[in-house]
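**Student:** Just passing along the structure, written as structure tokens.
The values are calculated or read from the model by the stated rules, or taken from the named source; none is laboratory data. No experiment lies behind these values; they were computed from the predicted model shown. Note that we place each Cβ from the backbone using ideal geometry, even for glycine, and neighbour counts take in every protein chain shown. To get the accessible areas, we keep the full protein, side chains included, count just its heavy atoms, and leave off ligands, DNA and RNA. Shrake-Rupley method; radii C 1.70, N 1.55, O 1.52, S 1.80 Å.
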Amino acid sequence: MQLSRRGLLFGTAGLAAVSLAGCGAGEDTKQLSGFTGISMPTTTSDRWVLEGADLEKRLKDLGYKTILENGEDDIPTQVSQIQSMIDQGVEFLIIAAIGNTSLGEVLSKAKDKGVTIISYDRLILETPDVDYYASFNNYQVGVLQAKHIISRLGITETSTEKFNIELFSGSTDDNNSQHFFQGGLDTLEPYIYGGSVVIPSNQTELEPTSTDKWSRDVARDRMAGLLEEFYQDQPLHAVLSPYDGISRGIVEALVAADFEPGSDDFPVITGQDAELRSLKAIKEGTGQTETVFKDTRLLAEVAVDMVKSIVEGSTPDVNDLGTYDNGFKFIPSYLLDPVDVTAENYKEVVVASGYATEEAIDNAPAD
Ligand code: BGC
């Protein structure tokens, strides 16, 4: 389903109870000041650093107080940062979780104090205390990546040529991983069944293909192992990679095994997040050939609009009520569209929109 920022808006009557729940059961609606705690997961991936600052600025511009913390991939750190935000009296929490099932206890304490909880980009699971979800159509991310491989290699359902592909997925403790992976797998499936796509390692499930904490080094090591075991005497045509950092780890392993970026036998490699270093490789033809751009400025705007609506006594806009079940309930969500980026359209999508300049792309470190 294609959704746009101001796309389909559902009636809000059924959601009133959800937003009012943020004010604390049975309490009179008190005047909210917009005080918000922003909890980001890591600084190893560019987007969270940019978004933490962007969220903070947007909230401050509205005159709201903020606390911004980064959990640096450590669950206990994130939990204690959130606890401290609650102790300091935040009314809203915008959280991109490190572990999707690790926040139940601290969120129940937040809820006792009437805090509204917005799950940011990554869905928080197994707790009744999430009020809203702001994210992208995550399944579509995987669809775009797989379609890039199919079109780049010219694979058709009747191709007699066989294409060898390997699959990578993200961190299994991030709910998004399975959506990205499923989108990719479903899109490749007819070709796998038809025999034109082959996965020599036979690793086609989430667990064996996963990359703990989305780590570049973990991906590099897995790729090196796959090359050693399965590609001594056959070509590797493509690698489905869910995230730019992972893609760069895959490229590193390929280069170490004497594959030459840009040459005809260098595999097609996908990615996600439009990180500067990956945009540079896409532009210059020196590594991955695609990334999926998720305009994080729009995501920050969605989350901040949610806060603002509640402060102003109305109900946040959502455009999806039935996709994201967190184990307790379907979370009212606002989902944005991801966009496929290649050398052909990066200027239009990423540069013209002001997300990155040509200069910043050119000056990005080589890998
Ligand atoms: C995000 C991706 C990001 C990944 C690694 C996921 O939850 O949706 O955009 O690439 O985390 O940080």
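**Student:** Count, please, the residues in the stretch 105-146 that happen to be assigned to a loop (DSSP other than H, G, I, E, B) and β-branched (V, I, T).
**Tutor:** Residues that pass the stated criteria total 4.
**Student:** I've got another one for you. Can you say whether K347 is outside any loop (DSSP other than H, G, I, E, B), of a type in the set (K, R), farther than 22 Å from D129 by Cβ and open to solvent by less than 50 Å² (accessible area, probe 1.4 Å), as far as the supplied structure shows?
**Tutor:** No.
**Student:** Let me ask something additional. Which residues, counting only those in the stretch 45-86, are within 16 Å of the ligand (Cβ to nearest atom), touching a helix residue (DSSP H, G or I) at 6+ places or on another chain (Cβ under 7 Å) and among the polar types (S, T, N, Q)?
**Tutor:** Once the filter is applied, which keeps residues that are within 16 Å of the ligand (Cβ to nearest atom), touching a helix residue (DSSP H, G or I) at 6+ places or on another chain (Cβ under 7 Å) and among the polar types (S, T, N, Q), the stretch 45-86 yields S45, N70.
**Student:** Identify, from the list S119, S159, the residue that is without any contact (Cβ under 8 Å) to a residue 60 or more places away in the chain and out of contact with any His (no Cβ under 6 Å at 6 or more places or on another chain).
**Tutor:** The conditions single out S159.
**Student:** Looking at the stretch 147-180, which of its residues are away from the ligand (no atom under 12 Å from the Cβ), buried (at least 24 other Cβ atoms within 10 Å of the Cβ), among the hydrophobic types (A, V, I, L, M, F, W, C) and in a helix (DSSP H, G or I)?
**Tutor:** Within the stretch 147-180, I149 is the sole residue that qualifies.
**Student:** Do we find that L254 is crowded, with 19+ Cβ neighbours inside 10 Å and part of a helix (DSSP H, G or I) in this structure?
**Tutor:** So L254 passes the test.
**Student:** Looking at (1) in the same structural domain as Q182 (by TED's automatic domain parsing); (2) open to solvent by 30 Å² or more (accessible area, probe 1.4 Å), which one does I246 not meet, given that it meets all the others?
**Tutor:** (2)
**Student:** Suppose we keep only residues that are surrounded by fewer than 22 Cβ atoms within 10 Å (Cβ to Cβ) and of a type in the set (D, E) within the stretch 108-128. Which one would you say is farthest from H179 (Cα to Cα)?
**Tutor:** Across the stretch 108-128, the extreme among qualifying residues is D112.
**Student:** Taking the stretch 277-316 on its own, how many of its residues are within 16 Å of the ligand (Cβ to nearest atom) and either surrounded by fewer than 20 Cβ atoms within 10 Å (Cβ to Cβ) or assigned to a strand (DSSP E or B) (or both)?
**Tutor:** Looking only at that region, the number is 7.
**Student:** In addition: Return yes when D87 is open to solvent by 10 Å² or more (accessible area, probe 1.4 Å), free of Cβ contacts under 8 Å to residues at least 12 places away in the same chain and out of contact with any Asp or Glu (no Cβ under 6 Å at 6 or more places or on another chain) and no when it is not.
**Tutor:** Judged against the criteria, D87 is a match.
**Student:** Applying the selection to the stretch 65-80, what residues are open to solvent by less than 50 Å² (accessible area, probe 1.4 Å) and touching a Leu at 6+ places or on another chain (Cβ under 9 Å)?
**Tutor:** T66, Q78, V79 - these are the residues of the stretch 65-80 that are open to solvent by less than 50 Å² (accessible area, probe 1.4 Å) and touching a Leu at 6+ places or on another chain (Cβ under 9 Å).
**Student:** If only one of E51, E72 is under 19 Å from the mean Cα position of the chain (by Cα), closer than 18 Å to L298 by Cα and of a type outside the set (S, T, N, Q), which one is it?
**Tutor:** Just a single option satisfies the conditions, and that option is E51.
**Student:** Moving to a separate point now. Determine whether G170 is more than 16 Å from V143 (Cβ to Cβ), touching a residue at least 12 places away in the same chain (Cβ under 8 Å) and small (G, A, S).
**Tutor:** When the stated conditions are applied, G170 does not pass them.
**Student:** Next up: I'd like to verify a number: residues in the stretch 113-146 that are more than 16 Å from the ligand (Cβ to nearest atom) and outside the structural domain of G262 (by TED's automatic domain parsing), how many?
**Tutor:** 11
**Student:** Residues to consider are T187, T172, T127, T158; find the one that is β-branched (V, I, T) and either within 14 Å of the chain's Cα centre (by Cα) or at positive phi (or both).
**Tutor:** After ruling out the rest, the residue left standing is T172.
**Student:** Among the residues of the stretch 215-237, is any closer than 21 Å to E344 by Cβ and either acidic (D, E) or not assigned by TED's automatic domain parsing to the domain that holds S171 (or both)?
**Tutor:** no
**Student:** If you don't mind, there's one more thing I want to ask. Taking interchain pairs and intrachain pairs at least six residues apart, which have beta carbon atoms under 8 angstrom, with the first residue in the stretch 128-153 and farther than 15 Å from S169 by Cβ and of a type in the set (D, E) and the second away from the ligand (no atom under 15 Å from the Cβ) and part of a loop (DSSP other than H, G, I, E, B)?
**Tutor:** From the stretch 128-153, the pairs are D131/G22; D131/I331; D131/P332.
**Student:** I've got another one for you. Quick one: is D340 in contact (Cβ under 8 Å) with a residue 24 or more places away in the chain and within 17 Å of the chain's Cα centre (by Cα)?
**Tutor:** Answer is yes for this residue.
**Student:** Does F330 satisfy the condition of being closer than 28 Å to I118 by Cα and in contact with a Gly (Cβ under 7 Å, 6 or more places away or on another chain)?
**Tutor:** Against the criterion (closer than 28 Å to I118 by Cα and in contact with a Gly (Cβ under 7 Å, 6 or more places away or on another chain)), F330 qualifies.
**Student:** Let me ask something additional. When the stretch 186-225 is examined, which residues are found to be among the hydrophobic types (A, V, I, L, M, F, W, C) and open to solvent by 30 Å² or more (accessible area, probe 1.4 Å)?
**Tutor:** Selection gives I192, V198, L206, W214, V218, A224.
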